[in-house]
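Working notes, beginning with the structure itself.
Bear in mind these aren't lab numbers, they're just calculated from the coordinates by the rules spelled out. Every value quoted in this text rests on a predicted model; they were computed, and no experiment measured them. Quick reminder, even Gly has a Cβ in these numbers, built from the backbone with ideal geometry, and neighbours come from all protein chains shown.
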Amino acid sequence: MTDRTITLLVVDDHPVVRDGLRGMFDSAPDFEVLGEASNGVEAVELAGRLDPDVVLMDLRMPGGGGVDAIAELARRGARSKVLVLTTYDTDSDTLPAIEAGATGYLLKDAPREDLFTAVRAAAEGRTVLSPAVATRLVSRVRGPSIPRTSLSAREREVLVLVARGTGNREIARTLFISEATVKTHLTHLYAKLGVSDRAAAVAAAYDRGILGDGRRG
């Protein structure tokens with residue numbers, strides 16, 4: 001629980017859903033909805049202007065989807081944590097959202113109190129996943145038949161700097177992102193490469209030809 005008011009931005013293309021979420025959070029004393037957006041483009045603009053603690057983000061929206069918005073917020077080093085709230089729990093939806101930088105992923109059928117708990121956790125930077133999504137992600141990471149080396153352009157940039165021995169703070173300065181975003185990219189890198197630290201990530205990247213032909217030096 002938190003002793004301060006948590007501010008939110010609600011992003012969904014359905015006005016009825018936005019109204020319902022606003023009413024739900026307005027009825028609780030420790031939440032304040034600062035604004036609403038109907039697509040990802042509006043979400044990025046409003047998040048930059050309103051600086052909410054948490055962005056409740058739908059994924060599939062005409063005029064700008066949630067995954068692109070999440071990635072753009074991460075690129076800008078936004079302070080806001082993004083909690084995906086959607087009806088979709090397939091790999092094609094969950095994995096890109098998490099990889100883009102979402103703090104959590106919840107389904108719209110979640111009970112009211114679970115949603116409140118998830119928003120509080122997201123505001124504190126803790127990862128929140130619905131049980132179905134958590135199971136899917138664990139299976140994806142552990143499954144040996146799934147390739148883990150499809151790195152994004154930004155993840156490759158981070159990996160190159162790590163290979164040069166660059167620390168998180170300097171990586172953040174070089175790429176004009178926050179240290180928190182650097183850590184998020186590293187977490188994604190470790191998962192994709194099947195490793196648990198920087199040195200192992202560099203070794204695996206060389207061995208798989210991601211950083212060159214496998215010869216270091």
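Summary table
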{"read-out": "Radius, Kirkwood style, for the chain when every pair of distinct Cα atoms is counted (Å)", "value": "18.1"}
{"read-out": "Burial ordering of PHE31, PHE116, fewest other beta-carbon atoms within 10 Å first", "value": "PHE116, PHE31"}
{"read-out": "Computed [θ] at 222 nm, deg cm²/dmol, the chain (DSSP H ≥ 4; -39,500 (n - 2.57); rounded to nearest 500)", "value": "-15500 deg cm²/dmol"}
{"read-out": "Charge dipole (debye, nearest 20) of the range 153-207; +1 at Cβ of Lys and Arg, -1 at Cβ of Asp and Glu", "value": "100"}
{"read-out": "Options ALA200, ALA153, PRO62, ranked by Cα towards positive dipole end of the chain, top entry (Cβ charges)", "value": "ALA200"}
{"read-out": "Net charge of neighbours whose Cβ lies under 10 Å from the Cβ of THR86, counting Lys and Arg as +1 and Asp and Glu as -1", "value": "-2"}
{"read-out": "Assigned charges on the beta-carbon of Lys, Arg, Asp, Glu; the range 6-142 dipole about Cα centre (debye)", "value": "440"}
{"read-out": "DSSP beta bridges in the chain [antiparallel fraction, %, rounded to 5]", "value": "0"}
{"read-out": "Spatial separation of Cα centroids for the range 102-128 and the range 28-45, in angstrom", "value": "15"}
